[in-house]
Amino acid sequence: MGQDHIRYDILAQDALRGVIRKVLSEVAATGRLPGDHHFFITFLTGAPGVRISQHLKSKYAEQMTIVIQHQFWDLKVTETHFEVGLSFSDTPEKLVIPFNAIRGFYDPAVNFELEFEVPLAEEDESSAEITAYPVEAVSKPAETEEENSSEEKKPGSVVSLDSFRKKH
């Protein structure tokens with residue numbers, strides 16, 4: 001087989017990240033999720049451009065999974081990343097997540113799943129700056145968004161979101 005100078009693998013992953021960007025953009029524009037749709041998004045916490053509080057970074061040193069469902073706010077989507085407000089144990093947090101840091105996206109309402117090959121951050125990159133954003137008390141929702149974390153994975157492994165699927 002010949003050498004892939006075009007890098008179709010990278011082009012395909014970028015196109016699939018565009019699906020996530022488009023879906024989140026529509027949710028940001030309307031301010032709500034349509035029907036029963038909701039999203040589990042797994043991302044690398046040490047990836048370049050990820051901004052989460054030091055508390056979350058220490059709790060989820062490699063990766064974490066967030067749920068965008070009932071209680072989220074200030075969802076903003078750009079070409080390269082999205083920002084969202086979520087509550088973790090009654091503490092409001094603002095997260096900034098580049099699309100390139102996403103390892104998995106799952107919408108259980110329609111059993112739609114995307115998985116991406118994203119290498120775990122090297123140890124010297126893990127000392128990158130982490131920025132916490134204060135959130136105004138007026139924007140804090142009454143209910144809390146539950147924290148979700150996928151199991152610890154070995155570097156280079158594929159993250160499976162099977163554990164979040166509804167059991168029938």
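On the given criteria, is VAL19 surrounded by fewer than 18 Cβ atoms within 10 Å (Cβ to Cβ), touching a residue at least 24 places away in the same chain (Cβ under 8 Å) and not in a loop (DSSP other than H, G, I, E, B)? Steps first, answer last, please.
Details: surrounded by fewer than 18 Cβ atoms within 10 Å (Cβ to Cβ): yes; touching a residue at least 24 places away in the same chain (Cβ under 8 Å): yes; not in a loop (DSSP other than H, G, I, E, B): yes.
The answer is yes for VAL19.
Here's the yes/no breakdown for (1) in contact with a His (Cβ under 8 Å, 6 or more places away or on another chain); (2) over 14 Å from HIS81 (Cα atoms); (3) surrounded by fewer than 15 Cβ atoms within 10 Å (Cβ to Cβ):
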| site | (1), (2), (3) |
| --- | --- |
| GLN13 | no, yes, no |
| GLU26 | no, yes, yes |
| ARG51 | no, no, no |
| GLU62 | no, yes, no |
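Would you mind stating whether LYS57 is touching a residue at least 60 places away in the same chain (Cβ under 8 Å) and either over 17 Å from PHE99 (Cβ atoms) or among the basic types (Lys, Arg) (or both)?
Working: touching a residue at least 60 places away in the same chain (Cβ under 8 Å): yes; either over 17 Å from PHE99 (Cβ atoms) or among the basic types (Lys, Arg) (or both): yes.
Judged against the criteria, LYS57 is a match.
For the range 25-33, indicate whether the set of residues that are part of a loop (DSSP other than H, G, I, E, B) and either touching a helix residue (DSSP H, G or I) at 6+ places or on another chain (Cβ under 9 Å) or at pLDDT 95 or above (or both) is non-empty. Lay out the reasoning, then the answer.
Taking the range 25-33 and keeping what is part of a loop (DSSP other than H, G, I, E, B), we get 31-33.
Still in the running and either touching a helix residue (DSSP H, G or I) at 6+ places or on another chain (Cβ under 9 Å) or at pLDDT 95 or above (or both): 33.
Within the range 25-33, one or more residues are part of a loop (DSSP other than H, G, I, E, B) and either touching a helix residue (DSSP H, G or I) at 6+ places or on another chain (Cβ under 9 Å) or at pLDDT 95 or above (or both).
Consider the range 32-49. How many of its residues are exposed (fewer than 14 other Cβ atoms within 10 Å of the Cβ) and in contact (Cβ under 8 Å) with a residue 12 or more places away in the chain? Quick ask: steps written out before the conclusion?
As a first pass, look at the range 32-49 and keep what is exposed (fewer than 14 other Cβ atoms within 10 Å of the Cβ): 32, 34-36, 48-49.
Still in the list and also in contact (Cβ under 8 Å) with a residue 12 or more places away in the chain: 35-36, 48-49.
So the count comes out to 4.
Name the residues in the range 61-85 that are under 23 Å from ARG21 (Cβ atoms) and in a loop (DSSP other than H, G, I, E, B), would you? Let's see the steps before the verdict.
Step one: filter the range 61-85 for residues under 23 Å from ARG21 (Cβ atoms), giving 63-85.
Within the range 61-85, GLN69, HIS70, GLN71, PHE72, THR78, GLU79, THR80 qualify.
The values are calculated or read from the model by the stated rules, or taken from the named source; none is laboratory data. As the structure is a prediction and not an experimental result, all values here were calculated from the model. Cβ: placed from backbone, ideal geometry, glycine included. Neighbour counts: every protein chain shown.
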